[in-house]
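I have placed the structure first, in the form of structure tokens, so that the comments after it can refer back to it.
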There are 2 protein chains.
Amino acid sequence: MRQHGSWAKSFSLLAHFWLISSLIHHPKLHSQFMLHAVIMAGGSGTRFWPRSTEAHPKQFLNIFGDRTMLQSTVDRIKNLIPSERVWVITNQRYVDLVQEQLPDVPAGNIVGEPIAKNTAPCVALAATLIQDQDPDATMVVLPADHLVGEPSTFISILQTAAAKAADGQTLVTIGIKPSHPETGYGYIEFNEEISETHKGREVKKVNQFREKPDLETAKEFIDSGNFLWNSGMFVWKTSAIIKEFELHLPDIHEQIEDLQPTIGSEDQEEAISTFYHGCTSISIDYGIMEQAQNVFVVPGSFGWNDVGSWKAVYDLRSKDEHGNVILSDTSTLADSSNNLIQSESGKLIALVGVDNMAIVETDKAILVCELDNSQGVKKVVNQLRKDDKLKKYL
Amino acid sequence: MRQHGSWAKSFSLLAHFWLISSLIHHPKLHSQFMLHAVIMAGGSGTRFWPRSTEAHPKQFLNIFGDRTMLQSTVDRIKNLIPSERVWVITNQRYVDLVQEQLPDVPAGNIVGEPIAKNTAPCVALAATLIQDQDPDATMVVLPADHLVGEPSTFISILQTAAAKAADGQTLVTIGIKPSHPETGYGYIEFNEEISETHKGREVKKVNQFREKPDLETAKEFIDSGNFLWNSGMFVWKTSAIIKEFELHLPDIHEQIEDLQPTIGSEDQEEAISTFYHGCTSISIDYGIMEQAQNVFVVPGSFGWNDVGSWKAVYDLRSKDEHGNVILSDTSTLADSSNNLIQSESGKLIALVGVDNMAIVETDKAILVCELDNSQGVKKVVNQLRKDDKLKKYL
């Protein structure tokens, strides 16, 4: 009996190893533990012109150090989600650039959009691709060009969100505790009475999403205490989000169904092109989040910044005694304060009586711009787009 | 008799030709008709940095067209004073540049100052050199970097000034009828009761010179009606000004006396160096004009501008519908008005929410400066002078 018992024990151990090994090597069996990251890297980054250009939008620039914003986005989550489960959806023209910047991400995980259709089709495509590999996967949707000052807090918040999303019913979003009545962000109103705790953090039921408010409304939001900034980061099971597409964006859901059988086949690339051309252009916020019933939010503070204007770069950098941020080899200033100066040309930048401005020189252009006037930069970029003679400056 | 009469007539004619020929070829006999121009071209033009540099100050730049300011100064007077009677006093380092820009001016008329000693020594030197050639000469002192919009009026004013100066006693200055209470210029107060007319224009006795006033004082000047802007242009006989040096700047007069015997000799160059090292550094206004008794002024309006700041360039150029002066190959503007943009690099200059600024790019530097803050530009230039690492940008 002892002998037999020992054999049985060995067999059980072997079976156990086989099972674990299967789980590791066969993702479809292992999916309930599996987090995938979907990085949306299709932006054209107009608000950072002239540093960001059509050839090198913001997410591909190293605005804050050695690593680009895309690389930092992947670095930040690498202990939670390894490169082989990172997916990058970008514009077709940037696929090579993404592969170059993220050599550890499998080539098959980098998908080029043939045409920009806002975020909903991008999320639908990613969910479809991931679900094919891993039907029970949870996906974390992250913009490629946000800054996170406290990565460990951020990871802990993602884990809470993933724990809540594990119910397979819920769309979870990350909300930023607001520091001031910002008019440049959308807001999330949560229900103060419906709260759960997952992995040591609160998860709140969302009442509604609110578009970018005017200042007065933003102040009311802050005063009411149950509004958060919409970070544009989401966590959900692929099955959950695909179900929501079926409910709220049936046209896109039809495209998903047409795409599914082609995945992994030689027709996949053409099918993705058909998918994009067939999809409505709509944001995931407007198309799904604002419509869905079962939306939760994890509130957090983790040094988040969407780096949406030169002002953000200014705010995040250290200043001299006159409040100037000088990212330039040589400069000299007289009666000038609170400016951002960026240049790599070696030219001397001299300011006289200049306040609250961004002065940015690249090899193509010189921008002089009110520091927080990102709309104005957009206007300039639109002027360049419209003028055939000026397009080369984009 | 007829024969004899005819011979006498011929002889008389010949003698007449000989006399005229002497007058032409012997300037010392012809001097009372002779106007000489002395162009002061030693300025370092700091207020136009970075377009004006130590190697190429303002007077050597073509800020307003094909010809440089120095060339335009000579062009403007060429029907009154031909090149052979034009003298240019400049810094030693610019002598070759002056000769290059003014090939018709005799090399001997271009004098390099070994050391900058303000305007009084410059005038003393010029007067000494001219008087040696032409003891009864009248000299017109002109800055090399002023703009004259109405040259024919200007010439007529110079003729009036020269006619008054012909008395050999008077120092004549050109005063500009003020258009506004400018605080950037010195003023000349004239006596309303003592007036003469020469060549159809009024000449007024000067009461006093006044330094740059504050705004309130400038307004009083304008209201009083007998104040003119000091243009820094003067007309006098060389003998008259040398007499004034003897009276008011005897130290410099001693230097004149030491210099005189060396002129035309091989010792001249060294003597000029000794002269400059021996002279006090003082302006002709402060050293002579404010002290002298017999000073007259010809009031005039001839589109004069001393082009003392980027604002002057702005004022003198045509504007687009938003009041911007664009001297750049390519630019694009959003919500920006009343700016001056100057660049030749081919880079796109983009402005967002920028008003009343000068944006000037050269191959060495980029200046962003309040349009009328010429003091600030000076401050920048002084900072560059003080910093060994930044000197190369001057």
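The values are calculated or read from the model by the stated rules, or taken from the named source; none is laboratory data. On a predicted model such as this, the values are computed, not experimentally measured, just so you know. When we count neighbours, we look across all protein chains shown, and the Cβ atoms used for this are built from the backbone with ideal geometry, even at glycine.
Summary table below
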read-out	value
Subset of region A:125-137 (residues that are of a type in the set (Asp, Glu) and surrounded by fewer than 20 Cβ atoms within 10 Å (Cβ to Cβ))	A:Asp132, A:Asp136
Close pairs from region A:296-312: first under 14 Å from A:Ser156 (Cβ atoms), partner assigned to a loop (DSSP other than H, G, I, E, B), Cβ under 6 Å, at least 6 apart	A:Pro299/A:Lys177; A:Ser301/A:Lys177; A:Phe302/A:Glu150; A:Gly303/A:Gly149; A:Gly303/A:Glu150
Candidates B:Glu182, B:Glu193, B:Glu202, B:Glu220 - the one that is over 24 Å from B:Val123 (Cβ atoms) and in contact with an Asp or Glu (Cβ under 9 Å, 6 or more places away or on another chain)	B:Glu202
Some residue of region B:202-212 being in a helix (DSSP H, G or I) and either modelled with pLDDT under 95 or among the aromatic types (Phe, Trp, Tyr) (or both)	no
Test for A:Ile241: is it within 28 Å of A:Leu147 (Cβ to Cβ), out of contact with any Asp or Glu (no Cβ under 6 Å at 6 or more places or on another chain) and in a loop (DSSP other than H, G, I, E, B)	no
Qualifying residue in region A:228-235 (condition: in a loop (DSSP other than H, G, I, E, B) and surrounded by 13 or more Cβ atoms within 10 Å (Cβ to Cβ))	no
Conditions (1) at pLDDT 90 or above; (2) farther than 21 Å from B:Gln99 by Cα; (3) exposed (fewer than 10 other Cβ atoms within 10 Å of the Cβ); number of the one not met by B:Pro50	(3)
Residues within region B:328-341 that are surrounded by 22 or more Cβ atoms within 10 Å (Cβ to Cβ), closer than 24 Å to B:Val148 by Cα and in contact with an Asp or Glu (Cβ under 8 Å, 6 or more places away or on another chain), tallied	1
One residue from A:Asp388, A:Asp372 being modelled with pLDDT under 95, in a loop (DSSP other than H, G, I, E, B) and closer than 19 Å to B:Asp329 by Cβ	A:Asp388
Qualifying position, being buried (at least 18 other Cβ atoms within 10 Å of the Cβ), more than 7 Å from chain B (Cβ to nearest Cβ) and either touching a helix residue (DSSP H, G or I) at 6+ places or on another chain (Cβ under 9 Å) or polar (S, T, N, Q) (or both), among A:Lys311, A:Lys392	A:Lys311
Given (1) within 28 Å of B:Arg210 (Cα to Cα); (2) of a type in the set (Ser, Thr, Tyr); (3) assigned to a helix (DSSP H, G or I), number of the condition B:Ser179 does not satisfy	(3)
Candidate set from region B:153-165 (those that are touching a strand residue (DSSP E or B) at 6+ places or on another chain (Cβ under 7 Å) and under 12 Å from B:Leu35 (Cα atoms)); member that is surrounded by the most Cβ atoms within 10 Å (Cβ to Cβ)	B:Ala161
Residue tally, condition of a type in the set (Gly, Ala, Ser), farther than 23 Å from A:Ser345 by Cα and at the interface with chain A (Cβ under 7 Å from one of its Cβ atoms), over region B:364-389	1
Qualifying residue in region A:329-336 (condition: in a strand (DSSP E or B), more than 9 Å from chain B (Cβ to nearest Cβ) and touching a strand residue (DSSP E or B) at 6+ places or on another chain (Cβ under 9 Å))	yes
Of the criteria (1) in a loop (DSSP other than H, G, I, E, B); (2) within 16 Å of the chain's Cα centre (by Cα); (3) among the β-branched types (Val, Ile, Thr), which one B:Val98 fails	(1)
Qualifying residue in region A:132-139 (condition: away from every other protein chain (no Cβ under 14 Å) and assigned to a strand (DSSP E or B))	yes
Residues within region A:61-78 that are modelled with pLDDT of 95 or more and of a type outside the set (Ser, Thr, Tyr), tallied	9
Subset of region A:185-216 (residues that are crowded, with 16+ Cβ neighbours inside 10 Å, within 25 Å of A:Gln375 (Cβ to Cβ) and not aromatic (Phe, Trp, Tyr))	A:Gly186, A:Ile188, A:Arg210, A:Pro213
Subset of region A:342-360 (residues that are over 17 Å from B:Asp387 (Cβ atoms) and either assigned to a strand (DSSP E or B) or more than 9 Å from chain B (Cβ to nearest Cβ) (or both))	A:Gln342, A:Ser343, A:Glu344, A:Ser345, A:Asp355, A:Asn356, A:Met357, A:Ala358, A:Ile359, A:Val360
Given (1) more than 7 Å from every other protein chain (Cβ to nearest Cβ); (2) buried (at least 24 other Cβ atoms within 10 Å of the Cβ); (3) touching a helix residue (DSSP H, G or I) at 6+ places or on another chain (Cβ under 8 Å); (4) of a type outside the set (Ser, Thr, Tyr), number of the condition B:Val325 does not satisfy	(2)
Residues of region B:76-95 satisfying the condition of being surrounded by fewer than 16 Cβ atoms within 10 Å (Cβ to Cβ) and under 16 Å from the mean Cα position of the chain (by Cα)	B:Lys78, B:Ser83
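Quick grid of which residues meet (1) surrounded by 24 or more Cβ atoms within 10 Å (Cβ to Cβ); (2) under 29 Å from the mean Cα position of the chain (by Cα); (3) among the charged types (D, E, K, R):
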site: B:Thr280; (1), (2), (3): no, yes, no
site: B:Ser283; (1), (2), (3): no, yes, no
site: B:Gln293; (1), (2), (3): no, yes, no
site: B:Phe302; (1), (2), (3): no, yes, no
site: B:Asp306; (1), (2), (3): no, yes, yes
site: B:Ser345; (1), (2), (3): no, no, no
site: B:Val352; (1), (2), (3): yes, no, no
site: B:Asp363; (1), (2), (3): no, yes, yes
site: B:Gln375; (1), (2), (3): no, yes, no
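Residue by residue, here is whether (1) surrounded by fewer than 23 Cβ atoms within 10 Å (Cβ to Cβ); (2) of a type outside the set (A, V, I, L, M); (3) within 17 Å of B:Gly232 (Cα to Cα); (4) at pLDDT 95 or above holds:
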site: B:Leu102; (1), (2), (3), (4): yes, no, no, yes
site: B:Val123; (1), (2), (3), (4): no, no, yes, yes
site: B:Met139; (1), (2), (3), (4): no, no, yes, yes
site: B:Pro151; (1), (2), (3), (4): yes, yes, yes, yes
